[in-house]
Amino acid sequence: MFKIIIIENSPLLQIGWQTLISNHFNDFEIHFLQLNETLETNPVLHNPPDLIILSLHFQTNKNQIEQVQANMKSQDTPVLVYYSMDKSEKAIDFLKTGATGCISNESDLTTITRAIAGVRDGNKFICPITEQKVIEQFLYVDLPTKNKSQILSDRELEIAQFIAKGMRTSEISKRLNLQMSTISTVKYKIFSK
């Protein structure tokens, strides 16, 4: 049984998540937490989950986000961030912190189920809407206010696009005919910018 923790404050959205997962996956056990709860203090959870789905909405405040990010760092559990458009920058911050994937609340059901299945299978996933946000963040930089060292090179941009599509280092390496260590170095440079 694959255990999912969904951090979601809205009862209506909890029902939506429950229905979506029950209709598309047979082997999932679902538990819900509120944003102010921690994984360590919840008595229902004796074993760590296999996946955390974190729902970020307009009412999610900075302290709650920082608390979840701290919990993420202390665990080795994949995190799929589901966000409303006004939280897209925070979703990208979660990717930088180590989230396994991001999906927008504007994503269709097929994309959401692909994201859950992909993360379940050990892959990273970024929906097309998030991918576009990530690319825009790197492409449309304010040139006068950025150092040249903060702008992505053509190769870094190419690799960033592959990362945004959820490709692994080994896949990118094969696609570009480069060493995996080279891809890792470029990924480090991308995320440090």
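Read the figures in this text as sums done on the coordinates, not as results from a lab. Since this is a predicted model, take the numbers as computed values, not measurements. Cβ sites come from the backbone with ideal geometry, for glycine too, and all protein chains shown count toward neighbours.
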Tell me the label-point distance for the pair T110, F2, using the 7 Å Cα-to-Cβ offset, in nm and rounded to one decimal. 1.9
So how far apart, in nm, are the two label points at H24 and K96 if each is 7 Å from Cα heading toward Cβ? 2.9
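Expressed in nm to one decimal, what extension gain is obtained for the pair K174 and Q161 from 0.36 nm per residue of sequence separation less their Cα-Cα distance? Intermediate results must be reported in sequence, preceding the final value.
Details: separation 13, 0.36 × 13 = 4.68 nm, distance 1.51 nm.
Result: 3.2 nm gained on full extension.
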Sorted by chain and then number, the residues having a modelled amide H within less than 5 Å of the amide H of F28, at least 5 places away or on another chain, are F2
Residue pairs, from the table K3/K189; K96/K174; K3/K174, whose Cα atoms sit over 27 Å apart: K3/K189; K3/K174
